[in-house]
Ligand code: PRX
């Protein structure tokens with residue numbers, strides 16, 4: 001057995017799960033005993049879900065980077081920690097061994113320190129998928145600063161919102177990023193964002209694309225110059241800053257059903273233990289294997305299963321800068337063969353988009369090194385599951401369908417590769433430490449098997465969200481107040497006759513587009529910023545590749561000129577305000593929206609129309625103007 005806490009049989013899983021629920025403190029204290037601590041905890045867990053107030057390993061002192069880097073140096077210092085595949089396959093890949101990564105993280109921790117970053121400061125990171133992104137993340141953790149990574153596809157406005165919310169005074173970015181045939185001018189986007197963030201003291205810029213940038217005197221410095229200063233000082237080691245178990249490790253913004261994205265806060269110790277534990281168990285990682293998670297570090301999947309989980313376990317983590325379809329749709333398969341990848345972890349949307357290219361791109365690719373394949377981010381339909389199984393896993397690799405969320409920090413419900421059974425489109429069984437339950441609308445628990453309901457979790461696991469940054473009340477109302485005493489996920493689920501869970505999707509006003517979470521309210525606000533728009537309503541509809549597409553009903557003040565042009569203008573507005581990922585796929589101009597007498601938009605009806613249902617729209621008698629439904633339904637857009 002490779003890790004003392006690795007579960008290797010179904011019976012062991014059942015026993016461990018049972019114990020984790022009956023005696024969470026004993027269970028997690030045994031797991032945590034295998035990590036490096038400066039000081040052990042006084043109490044494993046104290047909690048209530050009312051405030052909420054959750055504390056794991058209280059009194060313990062640590063730095064997560066000592067677990068991810070220092071403790072591996074002796075045994076596997078020369079083993080690759082990060083393998084990096086560049087956007088352009090003609091360019092050379094890079095390898096950072098644990099020793100080299102440790103060295104670079106210490107160097108950059110000095111850079112941060114020299115530039116004024118201290119424990120507890122918020123540092124925004126807006127970079128492409130290059131090893132320096134992982135270095136920046138880990139260096140923040142090493143100095144005890146709280147990182148807030150922002151996905152490279154977000155707009156200047158979205159960045160400004162996040163910088164202001166966290167009052168982040170430091171920014172780390174690149175001149176630009178390569179993504180497929182595109183070249184994204186990251187620094188220029190940051191410059192636009194910083195116009196409304198005068199409190200930002202320092203921007204550190206790494207050179208990647210050589211895109212021209214403007215450097216502002218007194219605020220902007222080059223990464224390379226700053227590293228040079230550390231080198232001139234003889235590259236002293238950087239002792240990790242000692243953190244409290246519950247000190248925040250990072251903030252990651254994610255969309256909810258109302259308002260602006262909220263900053264989900266994760267703590268140090270619990271997150272460290274849980275991401276490592278789930279990494280080792282879900283993927284059944286074996287030392288020496290190459291783990292390829294295709295997510296961007298700008299999302300939680302990248303945080304937990306490119307950086308912290310794998311590095312905590314001393315694994316080799318592959319980072320890919322590009323996109324699955326460039327220069328052609330065989331890119332993933334080339335990477336698997338080239339780097340001898342053993343574990344491939346990707347999203348259903350990527351699988352579906354590759355399916356659309358047929359089997360050609362798979363021809364001549366051996367994929368023989370693959371042992372486990374996984375999915376995350378959205379429900380995987382059976383067709384995609386079978387395609388993945390047959391053509392990628394070649395029927396010999398277990399598929400892990402991992403359900404979890406930004407707020408949960410790590411995988412919550414999933415089979416464990418080859419250890420617990422899999423079932424197409426089912427996340428199956430909870431991880432040890434996780435007790436899911438289904439409740440009906442009234443909050444009553446739905447018991448037994450072969451049932452459905454809203455998915456909740458009964459008690460805390462180590463990496464449960466601690467707060468939403470700067471607004472604890474928002475955390476409480478969003479997750480802990482719908483069903484008092486429970487964590488509410490926002491997802492609906494079925495529990496089949498074997499007790500396996502199948503996640504059916506969000507039951508709130510959150511869309512899941514290509515595995516990216518987007519709030520309908522957020523998109524509506526962005527659309528409404530367009531000068532000609534009076535009002536809008538946004539819903540999701542089934543989309544073959546993206547899982548869900550964005551359908552917008554828009555009332556214009558006056559619609560003159562070309563409708564198609566206006567549509568493009570609106571899409572561009574959304575792109576500017578949020579980012580290209582939130583652009584509506586379909587925009588229908590309407591003269592009214594179905595509203596109740598109290599003025600509430602009946603989204604249920606709009607959702608049905610967007611889905612193509614024109615007959616059974618349900619009860620429309622409570623509407624202020626039932627006639628509006630007919631008009632909308634007639635004008636439905638289906639391309
Ligand atoms: O609806 C669920 C869906 O993604 C949501 C969480 O999104 P996010 O916080 O961006 O994190 C995504 C990566 C962990 C969930 O509420 N979701 C995630 N994984 C699955 C899933 N839906 C079905 N099956 C999954 N395996």
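Can residue 87 be described as within 23 Å of residue 233 (Cα to Cα) and touching a residue at least 40 places away in the same chain (Cβ under 8 Å)?
When the stated conditions are applied, residue 87 does not pass them.
Are there any pairs with C-beta distances below 6 angstrom linking a residue in the range 509-525 that is over 15 Å from residue 554 (Cα atoms) and touching a residue at least 60 places away in the same chain (Cβ under 8 Å) to a residue that is more than 9 Å from the ligand (Cβ to nearest atom) and assigned to a helix (DSSP H, G or I), with the two at least 6 apart or on different chains, and if so which?
509/520; 514/349; 515/349; 516/581; 518/582
Looking only at the range 372-391, how many residues end up being surrounded by fewer than 21 Cβ atoms within 10 Å (Cβ to Cβ) and within 19 Å of residue 331 (Cα to Cα)?
Residues flagged as surrounded by fewer than 21 Cβ atoms within 10 Å (Cβ to Cβ) and within 19 Å of residue 331 (Cα to Cα) within the range 372-391 amount to 4.
Might you let me know whether the range 554-577 holds any residue that is touching a helix residue (DSSP H, G or I) at 6+ places or on another chain (Cβ under 6 Å) and assigned to a loop (DSSP other than H, G, I, E, B)?
The answer is no, given that none of the residues of the range 554-577 is touching a helix residue (DSSP H, G or I) at 6+ places or on another chain (Cβ under 6 Å) and assigned to a loop (DSSP other than H, G, I, E, B).
Of all strands (runs of 3 or more DSSP E) completely enclosed by the range 261-320, which ones contain at least 1 residues that are in contact with a helix residue (DSSP H, G or I) (Cβ under 6 Å, 6 or more places away or on another chain) and either at pLDDT below 95 or within 14 Å of the ligand (Cβ to nearest atom) (or both)?
By residue number, 262-267, 290-293.
Scan the range 361-388 residue by residue and report those that are within 16 Å of the ligand (Cβ to nearest atom) and in contact (Cβ under 8 Å) with a residue 40 or more places away in the chain.
If the condition is that a residue be within 16 Å of the ligand (Cβ to nearest atom) and in contact (Cβ under 8 Å) with a residue 40 or more places away in the chain, then 372, 374, 376, 377, 378, 379, 380, 381, 382, 385 are the ones that fit.
I'd like the residue in the range 582-605 that is in a helix (DSSP H, G or I) and modelled with pLDDT under 95 and, out of all such residues, is farthest from the chain's Cα centre (by Cα).
605
From the residues in the range 495-533 that are farther than 26 Å from residue 299 by Cα and part of a strand (DSSP E or B), which one is farthest from the ligand (Cβ to nearest atom)?
533
Could you please let me know if residue 492 is under 22 Å from residue 402 (Cβ atoms) and either assigned to a strand (DSSP E or B) or near the ligand (Cβ under 10 Å from one of its atoms) (or both)?
Yes; evaluated as a whole, the condition is true for this residue.
Answer yes or no: is there a residue in the range 521-531 that is surrounded by 22 or more Cβ atoms within 10 Å (Cβ to Cβ) and closer than 19 Å to residue 411 by Cβ.
no
Being outside any loop (DSSP other than H, G, I, E, B) and either in contact (Cβ under 8 Å) with a residue 12 or more places away in the chain or closer than 27 Å to residue 238 by Cβ (or both) is the filter here; which residues of the range 45-63 pass it?
Scanning the range 45-63 gives 45, 46, 47, 54, 55, 56, 57, 58, 61, 62.
Return yes when residue 549 is out of contact with any helix residue (DSSP H, G or I) (no Cβ under 9 Å at 6 or more places or on another chain) and either surrounded by fewer than 22 Cβ atoms within 10 Å (Cβ to Cβ) or over 30 Å from residue 423 (Cβ atoms) (or both) and no when it is not.
When the stated conditions are applied, residue 549 does not pass them.
Let's see how each residue does on (1) more than 23 Å from the chain's Cα centre (by Cα); (2) surrounded by fewer than 16 Cβ atoms within 10 Å (Cβ to Cβ); (3) over 24 Å from residue 285 (Cβ atoms):
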{"residue": "363", "(1), (2), (3)": "yes, yes, yes"}
{"residue": "366", "(1), (2), (3)": "yes, yes, no"}
{"residue": "393", "(1), (2), (3)": "yes, no, no"}
{"residue": "449", "(1), (2), (3)": "yes, yes, yes"}
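Quick one: which residue in 417, 442 is surrounded by fewer than 22 Cβ atoms within 10 Å (Cβ to Cβ), more than 13 Å from the ligand (Cβ to nearest atom) and at pLDDT below 95?
The unique qualifying residue is 442.
Any chance the range 199-216 includes a residue that's under 24 Å from residue 91 (Cα atoms), at pLDDT below 95, under 25 Å from the mean Cα position of the chain (by Cα) and surrounded by 15 or more Cβ atoms within 10 Å (Cβ to Cβ)?
Scanning the range 199-216 turns up no residue that is under 24 Å from residue 91 (Cα atoms), at pLDDT below 95, under 25 Å from the mean Cα position of the chain (by Cα) and surrounded by 15 or more Cβ atoms within 10 Å (Cβ to Cβ).
Does the range 600-625 hold any residues that are over 30 Å from residue 547 (Cα atoms) and free of Cβ contacts under 8 Å to residues at least 24 places away in the same chain, and which are they?
Listed by number, the list holds a single entry, 621.
Do we find that residue 428 is within 12 Å of the ligand (Cβ to nearest atom), over 20 Å from the mean Cα position of the chain (by Cα) and in contact (Cβ under 8 Å) with a residue 24 or more places away in the chain in this structure?
Here the answer is yes, as residue 428 does meet what is asked.
Give the number of residues within the range 394-409 that are within 7 Å of the ligand (Cβ to nearest atom) and either in contact with a helix residue (DSSP H, G or I) (Cβ under 9 Å, 6 or more places away or on another chain) or farther than 17 Å from residue 295 by Cα (or both).
6
The conditions are (1) in contact (Cβ under 8 Å) with a residue 24 or more places away in the chain; (2) more than 21 Å from the chain's Cα centre (by Cα), and residue 467 fails exactly one of them. Which is it?
Tallying (1) in contact (Cβ under 8 Å) with a residue 24 or more places away in the chain; (2) more than 21 Å from the chain's Cα centre (by Cα), residue 467 fails exactly one: (2).
If you take the residues in the range 146-158 that are assigned to a loop (DSSP other than H, G, I, E, B) and out of contact with any helix residue (DSSP H, G or I) (no Cβ under 7 Å at 6 or more places or on another chain), which one is surrounded by the most Cβ atoms within 10 Å (Cβ to Cβ)?
This residue is 154.
Quickly run through the range 547-567 and pick out the residues that are touching a strand residue (DSSP E or B) at 6+ places or on another chain (Cβ under 7 Å) and within 15 Å of residue 639 (Cβ to Cβ).
Matches in the range 547-567: 549, 550, 551, 552, 563, 567.
For the range 14-44, give me each residue that is under 26 Å from the mean Cα position of the chain (by Cα) and not in a helix (DSSP H, G or I).
Within the range 14-44, 35 is the sole residue that qualifies.
Scan the range 330-360 for residues that are within 29 Å of residue 96 (Cβ to Cβ), more than 16 Å from the ligand (Cβ to nearest atom) and assigned to a helix (DSSP H, G or I) and jot them down.
Answer for the range 330-360, where residues must be within 29 Å of residue 96 (Cβ to Cβ), more than 16 Å from the ligand (Cβ to nearest atom) and assigned to a helix (DSSP H, G or I): 331, 332, 333, 334, 335, 336, 337, 338, 339, 354.
I need a count of the residues in the range 74-129 that are touching a helix residue (DSSP H, G or I) at 6+ places or on another chain (Cβ under 9 Å), over 22 Å from residue 311 (Cβ atoms) and assigned to a loop (DSSP other than H, G, I, E, B).
Final tally of qualifying residues: 4.
Is it the case that some residue within the range 67-77 is surrounded by 19 or more Cβ atoms within 10 Å (Cβ to Cβ), in contact with a strand residue (DSSP E or B) (Cβ under 8 Å, 6 or more places away or on another chain) and closer than 21 Å to residue 467 by Cβ?
Looking through the range 67-77, none of the residues is surrounded by 19 or more Cβ atoms within 10 Å (Cβ to Cβ), in contact with a strand residue (DSSP E or B) (Cβ under 8 Å, 6 or more places away or on another chain) and closer than 21 Å to residue 467 by Cβ.
Any chance the range 442-455 includes a residue that's touching a residue at least 40 places away in the same chain (Cβ under 8 Å) and under 30 Å from residue 120 (Cβ atoms)?
no
The values are calculated or read from the model by the stated rules, or taken from the named source; none is laboratory data. Bear in mind the structure is a predicted one, so any value in this text is a computation, not a measurement. Every residue, glycine among them, receives a Cβ derived from its backbone with ideal geometry; neighbour counts consider all protein chains shown.
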